[in-house]
1. Counting only C-alpha contacts under 8 Å and six or more residues apart, can you give the relative contact order of region 17-137 as a whole percent?
2. Using a basic spin-label model with each label point 7 Å from the Cα along Cα→Cβ, how many nm lie between D168 and V149?
3. Evaluate the relative contact order of region 75-156 (contact order divided by residue number), counting alpha-carbon pairs under 8 angstrom at least 6 apart; express in whole percent.
4. Give the order of M214, M1, M157 when sorted by the count of other beta carbons within 10 angstrom, beginning with the fewest.
5. Name the most mobile residue of F15, F32, F88, meaning the one with the largest mean-square fluctuation, in a Gaussian network model of the chain with Cα contacts below 10 Å.
6. For the chain, what proportion of DSSP beta bridges, expressed in % and rounded to the nearest 5, is antiparallel?
7. Set the bar at 18 Å for Cα to Cα. Now go through K93/K272; K11/K250; K93/K115 and name every pair that lies beyond it.
8. Quick one: compute the contact order of region 2-273, relative version, from alpha carbon pairs under 8 angstrom and 6+ residues apart, as a percent.
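Please treat every number below as a calculation from the coordinates, not as lab data. What you see is a predicted model, and the numbers here were worked out from it, not measured in a lab. No Cβ is skipped: glycine too gets one built from the backbone with ideal geometry, and neighbour counts run over all protein chains shown.
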Amino acid sequence: MLNQAAQIINKAEAFIITAGAGMGVDSGLPDFRGDHGFWNAYPAYSRLGLSFVDCANPQYFKSDPAFGWGFYGHRANLYRATIPHEGFHTIRKWIDRNGADYFVATSNVDGQFQKAGYADDRILEVHGSIHWLQCQTPCGSNIWVNDAVIEIDETTMRGRNALPRCPDCGEVSRPNILMFGDWHWLSDRTNIQEHRFDQFLIEHADSRIAVIEMGAGTEIPTIRALSERIGWSLEHADVIRINPRAPEIKPPHLSIRCGALVGLRGIDAALKALMPRS
Ligand SMILES: NC(=O)c1ccc[n+]([C@@H]2O[C@H](COP(=O)([O-])OP(=O)(O)OC[C@H]3O[C@@H](n4cnc5c(N)ncnc54)[C@H](O)[C@@H]3O)[C@@H](O)[C@H]2O)c1
Ligand SMILES: [Zn+2]
C-alpha cells in the first residue's frame, strides 16, 4: 500500500490535502472522537456532564460569556503553542519536489497548516478558524484577527480576564467558527476560500491529482465526503486515506491504517526507494 501511495505521489501534478482533527494528534493535539475522547482532553467538562456538542455552542457567548470563552480561549492558547509535526513538512517537500500546485481543505479550526508554512490563499477552512473573531449578534459582517489571550481557570473552564468585544457595537465577540446549532456564523471568509478552491479544481480538472486525507472522522464526515467526491468525479484523482481506526475507502483509492506521521514517513521512505523522478 505504501508503494502504491508512493507511485501516486511520484506522478502527482497537484496535491489536495484533506484533513480532520486526527491530523493534529501527532503534534500532541486531542481529537474529539466520541464523548470519551473529548472528556479525556477536557476532564472539567466530564465533571459538568457536557459533551463536545454542548460546549461548541454559541449560546454560552450570550448566556455566560466567560464560560463560552473558557472552551475557545483554552483551545486558542493550545493551538498557538503547538508546533506542527514533521508530516506537514514532508508533504510540502513532495509538492516542491514535483513542482506541483496544491490546496488544503480542512475542518480543523486550529491554523496548523498556516503555521507549517502553507500559503493562506491555498487553504480552505470549512468550519472557519479560531484565529479570527466576529460579533456574536452579529451587528455587521466584520471578521477580525483574534489576538486576545484569555487566561482560563481549568477547574471551572471559565475565562479569568476581560473578554474580546466587537469593535463596532461593544458586544462580546466569538470565534469565527461554525458551531452546533449556529445561525450566526459569518461564512464570508470561508466562502472566499471556497471560491479559490473551486477555481483550483477547475484549473486542475485534467491534472494528475493526489488527494491525501488524514485524520478525518466518520461522525461529521464533511472531509471524508469531500475527498471521495474529488476521487470519484475527477478522472485523474487518486485518494490516499490515512487513518488508524477508520481508513476504509473503496478501491482503487488507497486505505492506509495508521497515524498521519507514521503513514507519511512510510510513503516518504517508499518514494525514496523509487527510481528518481524522470
Ligand atoms: N484541531 C481542530 O481544529 C479540531 C479538533 C477537534 C475537533 N475539531 C472540530 O470538530 C469536528 C471533529 O471532526 P473530525 O472528523 O475532524 O475529528 P474526530 O475527532 O471526529 O475524528 C478524528 C479522526 O482522526 C483519526 N485519528 C486519530 N489519531 C490519528 C492520527 N495520529 N493520525 C491520523 N488520524 C488519526 C481517528 O481515527 C478519527 O477517525 C470537526 O468538524 C472540527 O471542526 C477541530
Ligand atoms: Zn457587533
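1. Values: 125 pairs, mean separation 32.8, N = 121.
For region 17-137, the relative contact order is 27 percent.
2. The two pseudo-label positions are separated by 2.9 nm.
3. Contact order relative to length: 25 percent.
4. Values: M214 29, M1 16, M157 23.
So the ranking, lowest neighbour count to highest, is M1, M157, M214.
5. F32
6. Here the share of antiparallel DSSP bridges comes out near 30 percent.
7. Values: K93/K272 12 Å; K11/K250 21 Å; K93/K115 15 Å.
Result: K11/K250 exceed 18 Å.
8. Value for region 2-273: 27 percent.
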